[in-house]
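Reviewing the structure listed below.
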Amino acid sequence: MQKTFAMIKPDAVSAGYHHNILQELELGGFAIVSKARVQLTRARAAEFYAEHKGKHFYEKLVDFMSSGPVIALVLAKEEAITGWRTLMGPTNSVVAKEQKPDSLRGKYGTDGTYNACHGADSPASAAREIKFFFPRLILDPLPDPATAKTFIIDHLQPTLVKGLTALCKQKPSADKMEAITWLAHWLLDNNPNKPRTVDHDQLELKPEDEEEGFDLGEGGQVEKSVEEMEQDLAATRVQSHFRGYQARRNVQKKKEGPKVSIQTHEMADDEKSAVKIQALYRGHAGRKRVKGLKTG
Ligand code: CDP
Ligand code: MG
């Protein structure tokens with residue numbers, strides 16, 4: 001798979017031809033990796049076409065390219081660079097209409113400047129143009145070997161070593177398939193990122209864990225009843241007790257020696273447990289209130 005940079009120019013976008021062009025490129029087997037509708041300033045257009053600076057058509061080209069929105073595209077296909085240029089046809093749309101009437105420039109362009117679309121002409125210009133429009137796009141999804149090694153050591157090894165040790169102990173005579181299946185199940189059961197439920201009797205509440213000065217907020221809470229506000233306050237207290245308990249447990253764990261530490265972009269386990277505890281409390285408080293209403 002090769003990637004290339006393509007653009008639907010302002011003439012085609014303002015005429016509504018971008019729909020046809022997008023459809024034709026997909027029919028042509030190109031995958032759209034990124035797409036953005038962009039209004040280029042004159043300065044950005046001048047920078048994009050810097051290679052033509054000084055040529056007789058340069059100023060006109062820069063005016064044209066900044067006259068309205070363009071659609072910037074990263075396309076992927078085998079031999080995408082030449083494939084896209086063939087689909088576009090000759091640079092000059094007058095020539096294209098004569099020689100390649102079915103090409104995009106033949107159908108949707110007007111003349112030597114207003115020619116509906118753009119395509120990078122080499123791997124180097126494709127890379128430069130993709131970066132120009134999509135600076136955050138990672139073109140090569142494979143990390144460098146050093147990054148990959150660090151990732152494996154930090155994120156895979158600690159759990160894998162535990163799983164493989166358990167496998168050796170529990171299934172010393174397993175064949176290949178059985179061993180792999182067993183390990184796969186073990187990994188599912190021991191996923192360090194899976195939320196855990198903490199037993200209530202594990203909770204050891206201490207008064208110093210309570211967060212003082214809990215602020216109900218200004219304005220934001222006024223629609224709640226006093227009872228609801230009390231319930232919120234109590235729920236938050238329960239949560240903060242739990243956090244204190246977690247913090248002590250973490251300190252204890254650190255004293256016991258180094259443990260696997262895996263960071264995820266998801267909510268941490270402790271956070272999830274704290275939220276769960278709070279939800280449990282709210283449920284309990286809600287039931288108590290309903291009971292109170294029934295009896296009172
Ligand atoms: O776009 P392509 O790579 O096929 O051609 P180019 O030679 O890199 O020129 C860039 C753009 O400048 C063309 O697509 C035209 O829009 C414009 N141009 C022009 O206005 N007059 C010319 N004589 C040549 C190019
Ligand atoms: Mg060119």
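The values are calculated or read from the model by the stated rules, or taken from the named source; none is laboratory data. Everything numeric in this text was worked out from a predicted model, so none of it was measured. All Cβ positions, even for glycine, are placed from backbone atoms using ideal geometry, and neighbour counts span all protein chains on display. In case anyone asks, the SASA skips ligands and DNA or RNA and just uses the protein heavy atoms, side chains included. Shrake-Rupley method; radii C 1.70, N 1.55, O 1.52, S 1.80 Å.
Here are some notes:
- When Pro101, Pro123, Pro90 are checked against the criterion of being away from ligand 2 (no atom under 16 Å from the Cβ) and modelled with pLDDT of 95 or more, a single residue qualifies: Pro101.
- With respect to being outside the structural domain of Ala46 (by TED's automatic domain parsing), part of a helix (DSSP H, G or I), out of contact with any His (no Cβ under 6 Å at 6 or more places or on another chain) and surrounded by fewer than 17 Cβ atoms within 10 Å (Cβ to Cβ), Lys60 falls outside the description.
- Residues that are free of Cβ contacts under 8 Å to residues at least 12 places away in the same chain and either part of a loop (DSSP other than H, G, I, E, B) or open to solvent by 80 Å² or more (accessible area, probe 1.4 Å) (or both), drawn from the stretch 25-50: Glu26, Leu27
- Within the stretch 3-47, restricting attention to residues that are within 12 Å of ligand 1 (Cβ to nearest atom) and out of contact with any helix residue (DSSP H, G or I) (no Cβ under 6 Å at 6 or more places or on another chain), the residue that is farthest from Phe132 (Cα to Cα) is Asp11.
- Taken over the stretch 63-83, the criterion of being closer than 18 Å to Asp11 by Cβ and either assigned to a strand (DSSP E or B) or in contact with a Leu (Cβ under 7 Å, 6 or more places away or on another chain) (or both) is satisfied by Met65, Ser66, Val70, Ile71, Ala72, Leu73.
- Some residue of the stretch 56-63 being within 12 Å of ligand 1 (Cβ to nearest atom) and within 25 Å of Val33 (Cα to Cα): no
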